[in-house]
Amino acid sequence: MIPRDAAAFAQAVSRRLTLDLPTRIHDPFALLGVPGDAGDHTINEGAPAKPAAVLIPVVARPEPTVLLTLRSSALPSHSGQIAFPGGKIDPGDGTPLAAALREAEEEVGLDRRFVQPLGYLLPFLSRTGYLITPVVGMVEPGFELTINPSEVTDAFEVPLAFLMDERNHQRQTRHLNGRDRVVFAMPYGERYIWGITATILRDLWQRLADPVAVEGA
């Protein structure tokens, strides 16, 4: 069973994940997806993917939450969708972690002093051509957010227990890029979490629920 309190969750993540860079981050043509899952895996058959990183900010409240954003409808990719703070890895970032922390500060004003990095997940290839490396971070309460309206319309928190409950992981078929694809969705009230964000959350759940899923990271 996945721990429900913040300290135990952080310990579980630290046991299963590492801050060593995933090997697949160096292979933009690799087959990517949720290891051992029936979800729709993606292979990049076009130009090399653009490197990106996202922060999975788990807020250490008495009942932990995950901080998510609603992307601006003016953005060129994934506009109007629910996402993690994050974006492209700039040459000066050095690591996906540095990029994720920088983007979280730029998008929602999350001060990196409140974030304890715990570990990387497997990179994912988005349908828009980004190779996204997620990093899990435990966020100490007390932070204040400042929304950047050019990138984010809203920031909100969803209970970690809801997102880490497999019963809330829906598989749906969508017609994307000229073909039917199986995608994950985790509707929460009026918030519709789906696509790459839901897939990354699914991967986090699987790696904590199934020790075998850690292999290949």
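Couple of notes before you dig in:
- Average accessible area per residue (Å²) across the stretch 95-187 - probe 1.4 Å, nucleic acids and ligands excluded: 44 Å²
- Hz values of 3J(HN,Hα) by residue in the stretch 159-170 - Karplus curve (6.51, -1.76, 1.60), Gly and Pro given as x: x, 4, 4, 5, 6, 9, 9, 4, 5, 9, 9, 8
- Positive-pole candidate from GLY129, PRO149, PRO159, dipole of the stretch 97-183, charges at beta carbon: GLY129
- The apolar share of the surface of the stretch 105-188, taken as the fraction of accessible area on carbon and sulfur atoms (1.4 Å probe, ligands and nucleic acids excluded), comes to 45 percent.
- As a ratio to 2.2 N^0.38 Å, the alpha-carbon radius of gyration for the stretch 94-217 is 1.13.
- Cβ-based net charge around VAL136, under 13 Å, with every Lys or Arg adding one and every Asp or Glu removing one: +2
- Cut-off under 5 Å, modelled amide H: who pairs with VAL66 long-range: VAL59, VAL158, LEU160
The values are calculated or read from the model by the stated rules, or taken from the named source; none is laboratory data. This is a predicted model, so every value here is computed, not measured. Methodologically, a virtual Cβ is constructed for each residue, glycine included, from the backbone with ideal geometry; neighbour enumeration extends over all protein chains shown. Please note that ligands, DNA and RNA were not included when accessible areas were found on the heavy atoms of the full protein model with its side chains. Shrake-Rupley method; radii C 1.70, N 1.55, O 1.52, S 1.80 Å.
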